[in-house]
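The values are calculated or read from the model by the stated rules, or taken from the named source; none is laboratory data. As the structure is a computational prediction, the values presented were derived from the model and not from experiment. All Cβ positions, glycine included, derive from the backbone under ideal geometry; neighbour counts span all protein chains shown.
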Amino acid sequence: MPEPLQPDDFALMAGAAAGDTTAFAALIRRHQSALVNFFRRLGAHHEAEDVAQETFLRVWRYRTRYRPTARFTTFLFTLARHAWADHLRRAQKQERVVESFGAEAAPHDAVTQDAARQRLDAQVALAALPEKLRLVVVMSLYQGLKYEDIAAALGVPVGTVKSRMFLAMARLKDVFDVEK
Amino acid sequence: MSKNKNACVWAEELPALLLGELSAERAAEVERHAAGCAACAEQREAFGRVLFRMRAASAEQPVRDLAPDLFARLPAAEADWRRHNFWLRAAALLLATVSLGTALLWNQHRNSSFDLAATVPASRISNPVSSIPYPATDKTASVAQALAWLERTQEADGHWDTARWGAQRMYSVGLTSLALLALSADGHALTTPQRAVLARGLDWLAAQQDADGKLGPDGSALMYNHSMATLALLEGAALETNSAHRVACQRALAFITSAQRASGGWGYSRGPSENVNTSITVWQLQALLRAEALGFAEVRPHVARGLAWLGERVSAEGRMGYRRADDFPNGAETLTAAGALCLLRSAGGAADLRVAKMLAWVRGTAAQPTTPDYYRCYFVSAALAAAGGGAEPALEKMRGAVLARQTRDGSEAGSWTPGDRWGRAGGRIYATALAVLALQSG
C-alpha cells in the first residue's frame, strides 16, 4: 500500500485515549509548530501559543471521542477552529481585526495605497480577508489540508470551501494588484 | 474585487485546479476549457501569481516546546472540566424533572455541538503494544474465531465490502485477496462451509480480471491489488482443482511479468517509467516466488531479475531501502522484513550473508515495544518463520501482542480493530486478515 503521510498519528491518539501521556506529548511535538503558525497566520501574535495550548488541552479532553476513521489533522483543526472562535469572542477583537485590516487594504484611498505598497506582504494581504475566507486559505495553502478535510473541520459543504477559496483568491488578487 | 470574477461560470474551478483539488478527469476538462476561454486563461494566470506570492511567505517561525507548560496546566484544566461536567449533569437532571422533552433537547444540543468528535467508546480504540500484557491466549482458538468472522462477513457474491468495514474502495480487490489469503493460510484445516467461502471469493476475484489479465482498477493501488489477488488465486489453486482459477493465475502472472521494468523492479503502474520501489516489488516477487514453487516455470527469469534488483537495495547494515539502498522515507522495519522474506524464499537465500544481516536487524526491531502495525507484524512474522525461528522470543512476543488486540466479544468478535497506520486504507478486513497471517506464518 502507498506509504503514509503521517504514519503514527492514529496510534499516538490511541495511546493518548488510553491515558498515555508520552504518546500525547509526541503528538503535541509533532503538530505544535503547524498549530502555532496557523494561529499566527490567522492574526494572533504573542497569544498564538496560548491558543495552541488551549487546542491541545481540548484534544486531551475529547481524546476518547476521536474516531480513528477521520484524519487526525481534521480533528485537530476542528478543535483549533473552536479554540480560535472562543479566543476571538473572549477578546472581543474579531470586528476590530477585520475593520483595521480592511481599512489598510482599501484600494481607493491614495494615502492608504501608498502605505499598502510599502507593506503589502502576504501576511497583510491575508489579514485583509474576512475571517471565513482567511480560515480556508490558511488551512489549504499553509496547513496543506484538502478541501474535504477543511469542509469537515469547518462544518460546511465542500462546495462552500471551493466558493470561499475562489472569493479569497479574487480578493487577494485585488490586494496585490494595488501594487502595480 | 476583480472585474473578471464572474466572467465565466468555470472560474470557480480555477483555484481548485491550481491547488490540485480536482480529479484527473475534471482537471483535464477545466484545462481544456481554459485553453479556449480568454477570461479563464487570464484569471488562471493571475491566481497562479497570487498563489506564488502567498506561498513565498509560507516559512514557519520556530516554536518552543509547548508540552511542559501544557502538562503543567492539565490538572487545573481537568478539575475545571469535572466541575463543568458536574454542573452540566446537574442542569440536565433538573431539566429532566421539569420536562422529559426539554431534557431530550438539551442532550441533542450537547451531541450536535461537536460534529467530528462523535463518541467512540474507549474500548474500541486500540492501545499501544507496550501497554498491553501478553495473554496466554490459545492461538488456534483465536484464528478459528477470526476465520469465523471472515466467513460471516463475506458478501453474497464472494467479496468483502470496503465501505462496510471502514476501508477505501480502491483497495477492494486487495482486501478481498487478503481475506482469502488468511483463509488459505491453513487451507487443509478449513471446514466445508469455509471452503465454500474460499471458492466464492476466488470466483469473485477471477471475475475481476480484464482482457490484459489485470486484477483491479487502474490507479495507485493497481499493483498492490493485482499482486495480492494473484497470490490469493495461487494459494487457491494449490488447494483446489479449478482449471478456470489456474488459467486466471497464468494470465495474472503474465501481467506481473509484463509490468516488470528493465531494472528488474516494479512501480505503481505498468508504464515505461523507471519509478520503482521495494514496497511494490516485494508483493510482485511474493506472487512470482509462490508461482515458481507451484510449478509455473515461466516466471523464473523474472524472479531472478527481481531478486537481483531487491538485493541491490540492501544497505551495508542490512536495511532495505525504498528506492535505493540508503533511502528510508518511512522507516525500514517493514521493508527489511519483506525483502528478507523474498530473498529467503529464493534458492540460496538462507545462506546469503546480506539476509543474515537483515534478519538480525529485523529481530532487533521486532523485540522493541512499538505501536500496532499489522502490516509490519505480518512481514516480520513471515520472515522470521521462513528463517526457521518458530519459537524465537521476538516472534513470540510480536504474536502475543497481536493476540492481545483481538476483539473478544460483541458483534465483531474474532476480528481486529484497525488502529494502525494502514487502518484508514484497509479497515477491519485488513487488520483481521493480516493479524491472522501474522499468527499463521510459517
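Of note:
- B:ASP161 vs. criteria charged (D, E, K, R), at pLDDT below 95 and under 30 Å from B:THR257 (Cβ atoms): no
- Residue within segment B:329-348 that is touching a strand residue (DSSP E or B) at 6+ places or on another chain (Cβ under 6 Å), at pLDDT 90 or above, buried (at least 21 other Cβ atoms within 10 Å of the Cβ) and within 20 Å of B:LEU178 (Cα to Cα) present: yes
- Failed condition for B:PHE255, given (1) modelled with pLDDT under 95; (2) of a type in the set (Phe, Trp, Tyr); (3) more than 18 Å from the chain's Cα centre (by Cα): (1)
- Across segment A:20-52, the number of residues qualifying as of a type in the set (Val, Ile, Thr) and touching a residue at least 12 places away in the same chain (Cβ under 8 Å) comes to 3.
- Any helices (runs of 4 or more DSSP H) falling wholly within segment B:353-431 and containing at least 2 residues that are more than 17 Å from B:ALA338 (Cα to Cα), among the charged types (D, E, K, R) and at pLDDT below 90: B:393-404
- Any hit, segment B:280-292, residues being without any contact (Cβ under 8 Å) to a residue 12 or more places away in the chain and either surrounded by 15 or more Cβ atoms within 10 Å (Cβ to Cβ) or not acidic (Asp, Glu) (or both): yes
- Across segment B:287-297, the number of residues qualifying as at pLDDT below 95 and either within 14 Å of chain A (Cβ to nearest Cβ) or under 23 Å from B:GLY321 (Cβ atoms) (or both) comes to 1.
- Candidate set: segment B:159-196, residues that are among the aliphatic types (A, V, I, L, M), touching a Gly at 6+ places or on another chain (Cβ under 8 Å) and in a helix (DSSP H, G or I); chosen: the one surrounded by the fewest Cβ atoms within 10 Å (Cβ to Cβ): B:MET170
- Criterion (over 30 Å from B:ARG195 (Cβ atoms) and either more than 25 Å from the chain's Cα centre (by Cα) or surrounded by fewer than 23 Cβ atoms within 10 Å (Cβ to Cβ) (or both)) met by exactly one of B:GLY213, B:GLY311, B:GLY306, B:GLY295: B:GLY311
- Odd one out for B:ALA56, checked against (1) within 12 Å of another protein chain (Cβ to nearest Cβ); (2) under 30 Å from A:LEU12 (Cβ atoms); (3) at pLDDT below 80: (2)
- For the condition closer than 22 Å to A:LYS146 by Cβ and either modelled with pLDDT under 90 or buried (at least 20 other Cβ atoms within 10 Å of the Cβ) (or both), A:THR78 qualifies.
- Selected residue (criterion: surrounded by the most Cβ atoms within 10 Å (Cβ to Cβ)) from residues of segment B:386-426 that are within 14 Å of another protein chain (Cβ to nearest Cβ) and closer than 20 Å to B:SER184 by Cα: B:TRP416
- The single condition from (1) free of Cβ contacts under 8 Å to residues at least 60 places away in the same chain; (2) out of contact with any helix residue (DSSP H, G or I) (no Cβ under 6 Å at 6 or more places or on another chain); (3) farther than 21 Å from A:PHE10 by Cβ that B:LYS397 fails is (1).
- For segment B:34-53, the set of residues classified as touching a residue at least 24 places away in the same chain (Cβ under 8 Å) and either part of a helix (DSSP H, G or I) or basic (Lys, Arg) (or both) consists of B:ALA34, B:ALA39, B:CYS40, B:GLU42, B:GLN43, B:ARG44, B:ALA46, B:PHE47, B:GLY48, B:LEU51, listed by residue number.
- Scanning segment A:12-34 for residues that are at the interface with chain B (Cβ under 7 Å from one of its Cβ atoms) and either on the phi > 0 side of the Ramachandran plot or outside any helix (DSSP H, G or I) (or both) gives A:ALA18, A:ASP20.
- Considering segment A:35-73, and only residues there that are polar (S, T, N, Q) and more than 7 Å from chain B (Cβ to nearest Cβ), the residue that is surrounded by the most Cβ atoms within 10 Å (Cβ to Cβ) turns out to be A:THR55.
- Scanning segment A:153-180 for residues that are part of a helix (DSSP H, G or I), more than 7 Å from chain B (Cβ to nearest Cβ) and within 25 Å of A:LEU76 (Cβ to Cβ) yields A:ALA153, A:LEU154, A:VAL158, A:GLY159, A:THR160, A:VAL161, A:ARG164, A:ALA168.
- If you go through segment A:137-152 and keep only what is in contact (Cβ under 8 Å) with a residue 24 or more places away in the chain, farther than 21 Å from A:ALA127 by Cβ and within 7 Å of chain B (Cβ to nearest Cβ), you end up with just A:ALA152.
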